[in-house]
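Everything below concerns the one structure shown next.
Here, each number is a calculation from the coordinates, and none is a lab measurement. Predicted model only: the values in this text are computed from it and were never measured. Because the Cβ atoms are built from the backbone with ideal geometry, glycine has one as well, and the counts that use them run over all protein chains shown.
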Amino acid sequence: MLYVFIGDDAPEALATRLSVRAEHLARLRTLQELGRLVLAGPLPALDCDDPGPAGFMGSLVIAEFESLHAAEAWFADDPYVRHGVFADYRVRPFRQVLPA
């Protein structure tokens with residue numbers, strides 16, 4: 001089943017986000033190599049590709065896992081969670097309708 005992962009950045013988290021980004025992306029690339037990643041990316045704080053020092057509001061990931069429990073465990077071990085980039089995060093089941 002697919003799951004949507006949403007992380008809301010903590011205030012002033014940009015420096016920490018940047019310092020652990022490579023580790024975060026490595027985990028996502030592993031999901032991609034396994035064919036389980038649908039999409040992933042940050043939510044810019046400004047309406048532009050590069051928000052500069054304004055940073056990001058959070059991140060969104062959609063990926064396939066065998067259960068909600070497995071998805072939650074995977075996200076709880078994400079560097080952005082472990083290092084406090086996210087002030088809050090959640091995982092929800094997701095059913096893709098389009099594109100089919």
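Which log10 I(q)/I(0) values does the stretch 15-76 give at q = 0.23, 0.27, 0.30 Å⁻¹ under the Debye formula, counting every alpha carbon as one identical point scatterer? Treating every Cα as an identical point scatterer, log10 I(q)/I(0) equals -1.04, -1.21, -1.31.
Its DSSP H runs of at least 4 residues, each contributing -39,500 (n - 2.57), put the calculated 222 nm mean residue ellipticity of the chain at -10000 deg cm²/dmol, to the nearest 500. Under the combined filter of DSSP loop state and at most 15 neighbouring Cβ atoms within 10 Å, the stretch 1-35 retains these GluC sites (Glu not before Pro): Glu12. For the chain, the relative contact order works out to 49 percent when only alpha carbon pairs closer than 8 Å and six or more residues apart are counted.
Spherically averaged projected area of the convex hull of Cα atoms, the stretch 42-81: 3.5 nm². Here r is the Cβ-Cβ distance between Gln96 and Glu23 and R0 is 25 Å; the resulting FRET efficiency, rounded to 0.05, is 0.35.
Under a model in which nothing but the beta-carbon of Lys, Arg (+1) and Asp, Glu (-1) is charged, the chain shows a dipole of about 220 debye around its Cα centre.
A DSSP coil position with no more than 12 other Cβ atoms inside 10 Å describes the following trypsin sites (Lys or Arg not before Pro) in the stretch 4-100: Arg95.
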